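Notes follow the structure.
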Amino acid sequence: MEGTVKEKNYSYPKINATQIGKVQQGFDSNIIGQTIEKKAICRKLIAQMIRPTKKPLVLMFYGNPGIGKTETAKYLSTTLYTKGTLLREQMTMVGGDSSVRFFKSTSHSEDSFSKHLLNRTSNVILLDEFALAPPFFQTTFFQMFDEGIYSDQNFTVDVSNSIIICTSNLQSIQDMEKNIDNALLSRFDGFIHFTDFTDEDKKKIAERMINEFINPKNMKKQFIEKLDQTLIMQKIEKALPQLTNVRNIRKYTEDVIADTLMNDLLDN
């Protein structure tokens with residue numbers, strides 16, 4: 001019949017033991033320095049697998065910036081849903097009329113969070129810097145965290161069996177209690193504290209980055225020939241105690257390599 005809209009439902013199944021095994025097996029080669037966190041995450045994935053309901057698994061990853069919280073969410077998404085892409089919303093951008101429209105969807109034609117959920121290709125959902133969103137927006141997620149349903153003026157979206165990961169740079173649960181509605185906080189299934197990198201962790205990260213930069217896929221052969229990876233690593237190692245996270249290490253590694261090339265190229 002002309003004008004009829006057909007509704008087609010798709011539900012993500014629960015994750016299984018094989019998928020959780022893949023998460024555990026590949027974790028250390030993808031995420032550096034979070035061994036205790038790996039065990040906590042796998043425990044929570046098993047808890048979701050065995051629970052008798054379709055309630056989402058809602059986790060808070062917290063700790064200093066740049067130590068693997070977002071990368072872990074990406075890793076979980078690509079491992080559990082190999083053909084999908086992580087749905088990521090940056091909550092620091094929330095505020096004002098445009099955000100009200102995005103989360104409440106005042107117009108059917110406008111972009112909205114519900115449309116992003118409907119079009120997701122992975123059942124891992126990342127809400128970055130969740131504690132920085134105003135309380136009004138935090139309350140939007142009560143039913144989503146509790147029952148796996150997200151509703152706005154136009155759509156009702158089923159997010160059952162999903163893995164919802166919120167991140168925060170706050171340092172303790174007590175800090176979160178001051179910034180997140182306690183009724184919403186009680187709906188989290190777990191709080192996983194990401195620990196700072198050891199110097200050995202930072203060395204592994206630097207080695208990976210050097211190999212990433214000095215690689216025929218990323219750098220011309222004429223530049224690679226001018227670089228000594230051992231000397232570059234020695235320079236970076238001296239600075240590692242002052243480099244606290246992945247972003248710092250990446251910037252410093254990039255500068256050391258660029259400085260080496262500059263001295264050679266500009267002198268000629």
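Figures for the structure shown
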{"item": "Solvent-accessible area per residue, Å², over the chain with all protein chains present [probe radius 1.4 Å]", "result": "55"}
{"item": "Geometric extent, Cα atoms of segment 18-144 - Rg, Dmax (angstrom)", "result": "15.9, 46"}
{"item": "On Cα atoms only, tilt of 199-213 relative to the major axis of the chain in degrees", "result": "80"}
{"item": "Kirkwood hydrodynamic radius over Cα pairs of the chain, then Stokes diffusion coefficient at 25 °C and 0.890 mPa s, in µm²/s", "result": "118"}
{"item": "Cα Rg, Dmax (largest Cα-Cα span) when computed across segment 106-198, Å", "result": "14.4, 50"}
{"item": "5 Å-binned pair-distance histogram of segment 40-93 (Cα, whole percent)", "result": "4, 15, 21, 28, 20, 10, 3, 0"}
{"item": "Where labels lie 7 Å past Cα in the beta-carbon direction, separation of LYS226 and GLU212 in nm", "result": "2.3"}
{"item": "Most mobile of GLN48, GLN153, GLN24 in a GNM of the chain (Cα contacts under 10 Å)", "result": "GLN153"}
{"item": "Descending semi-axes in whole angstrom, ellipsoid equivalent of segment 51-125, from the Cα gyration tensor", "result": "24, 18, 13"}
{"item": "Percentage relative contact order, the chain, counting C-alpha pairs under 8 Å, at least six apart", "result": "23"}
{"item": "Percent accessible area from carbon and sulfur atoms, the chain, protein chains only, probe 1.4 Å", "result": "51"}
{"item": "Whole-Å semi-axes of segment 172-227's equivalent ellipsoid (Cα gyration tensor)", "result": "44, 14, 9"}
{"item": "Counted charge near GLU147, where neighbours are those whose Cβ lies closer than 11 Å (Asp, Glu -1; Lys, Arg +1)", "result": "+1"}
{"item": "Estimated vicinal HN-Hα couplings, Hz - segment 132-147 in sequence order (Karplus 6.51, -1.76, 1.60; Gly, Pro = x)", "result": "7, 6, x, x, 4, 7, 4, 5, 4, 9, 3, 5, 5, 5, 7, 10"}
{"item": "Additional length obtainable on full extension of the chain from GLN174 to LYS238, 0.36 nm per residue less Cα span", "result": "19.5 nm"}
{"item": "Filtered GluC sites (Glu not before Pro), segment 54-124: DSSP coil and at most 13 other beta carbons within 10 Å", "result": "GLU110"}
{"item": "Most to least packed among 30-39, 174-183 [average Cβ atoms within 10 Å]", "result": "30-39, 174-183"}
{"item": "Inter-label distance for ASN16 and ASN154, nm, one decimal - labels placed 7 Å from Cα along Cα-to-Cβ", "result": "3.7"}
{"item": "Kirkwood hydrodynamic radius (C-alpha pairs) into Stokes-Einstein, segment 6-61, 10 °C and 1.306 mPa s, D in µm²/s", "result": "123"}
{"item": "Subset of LYS22/LYS74; LYS204/LYS251; LYS83/LYS203 violating a 26 Å alpha-carbon distance limit", "result": "LYS83/LYS203"}
{"item": "Span per principal axis, largest first, for the Cα atoms of segment 132-177 (Å)", "result": "36, 23, 14"}
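The values are calculated or read from the model by the stated rules, or taken from the named source; none is laboratory data. Just so you know, these numbers come straight off a predicted model, no measurement behind them. Cβ atoms come from the backbone with ideal geometry, glycine included; neighbour counts cover every protein chain shown. Each accessible area value is taken on the protein alone, full model and side chains, heavy atoms only, with ligands, DNA and RNA left out. Shrake-Rupley method; radii C 1.70, N 1.55, O 1.52, S 1.80 Å.
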